[in-house]
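The values are calculated or read from the model by the stated rules, or taken from the named source; none is laboratory data. No experiment lies behind these values; they were computed from the predicted model shown. Cβ: placed from backbone, ideal geometry, glycine included. Neighbour counts: every protein chain shown. Just the protein is used for accessible areas: all its heavy atoms, side chains included, with ligands, DNA and RNA removed. Shrake-Rupley method; radii C 1.70, N 1.55, O 1.52, S 1.80 Å.
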Amino acid sequence: MDNAIMSAASLHRTLPALPGQHSRPVFRSKTRLVRCSNERQVLFDRIAPVYDNLNDLLTVGQHRIWKRMAISWSGAKKGDNVLDVCCGTGDLAFLLCDKVGPTGKVVGLDFSKEQLLIASSRQHSQSKTCYENIKWIEGNAIDLPFPESSFDAVTIGYGLRNVVDRLKVLEEVCRVLKPGSKVSALDFNKSTNPFSTSFQEWMIDYVVVPAADIYGLANEYRYLKRSINEFLTGKELERLALNAGFSSAKHFETGGGLMGNLVAVR
């Protein structure tokens, strides 16, 4: 394909029917009420073209290790039907595909059409057979378009921090998970350790924002500090998951305390 990013028309496809539902189009009706922050949606559309390059630059490739850990914690295995919420450009979805293999199914959902276009372009530029089993949906994490008990595992990468209603998102994830299955949510860690917090803020001010400024996106990446400050600590995330209906929840700190991963069992 000549274009790096596919057209919206070429991304439109049909999601295979899950048990108890009919097939549905990838893109949902534009007339449907979308209860999400327009400001955040515009932000993620804008950073989409350089998102992957910046992730590699800012973490020196370490984000790939954290994402593999998140996949491992999800419990996804061969033949599973899995969901990646807030999938962005598809990193976790592709890793999930490697886990579930050619007999499994992967669905990636995000509210940013630009990120989904890049994810779809990446999918079709690679020749792995299992990648044919990935489907992309433009949708809202607080209103997942799937019936109850649809998935064997769910992942959320750097998305829970940015949604407008975290409890509702976790309730929706709990609803679509099969009993006994897990969600694995990777994100920046809101540490209770003053040193870790200070170092994290220093990194954002003196590494992340200046690097983003190279791409003309300094203002877009300044939101990180505020979003982390408004996020929840590990213990608070565990309590939120339990309130959402999960039977157990555990938060793990990774990346020297800069990152965290919530693992909750339905």
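Below, the figures for the structure above:
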item	result
Probe 1.4 Å - accessible area at Thr192, Å² to nearest ten	120 Å²
Within segment 99-187: Cβ-based charge dipole about Cα centre, in debye rounded to nearest 20 (Lys, Arg +1; Asp, Glu -1)	300 debye
Pairs of lysines in segment 61-126 (C-alpha under 12 Å apart; 8 or more residues apart or interchain)	4
His63, His251, ranked by accessible area, largest first (probe 1.4 Å)	His251, His63
Nearest-20 debye value, segment 176-249 charge dipole, Cβ charges on Lys, Arg, Asp, Glu	340 debye
Segment 145-196-segment 197-224 distance, computed between alpha-carbon centres (Å)	25 Å
Accessible-area value, Ser247, 1.4 Å probe, nucleic acids and ligands omitted, Å²	80 Å²
Cα-centre dipole for segment 56-160 with unit charges at Cβ (Lys and Arg positive, Asp and Glu negative), debye to 20	400 debye
In Hz, Karplus ³J(HN,Hα) per residue of segment 82-92 (6.51, -1.76, 1.60; θ = phi - 60°; x = Gly, Pro)	10, 10, 10, 8, 6, 6, x, 8, x, 3, 5
Candidates per GluC sites (Glu not before Pro) in segment 154-230, loop by DSSP, up to 11 other Cβ within 10 Å	Glu230
Inter-probe distance in nm under a simple model that places probes 7 Å from Cα toward Cβ, at Ala218 and Lys77	5.1 nm
Solvent-accessible ranking of Lys78, Lys250, Lys178, largest area first, probe 1.4 Å	Lys78, Lys250, Lys178
Sequence of Met259, Met203, Met69 from largest to smallest accessible area, 1.4 Å probe	Met69, Met203, Met259
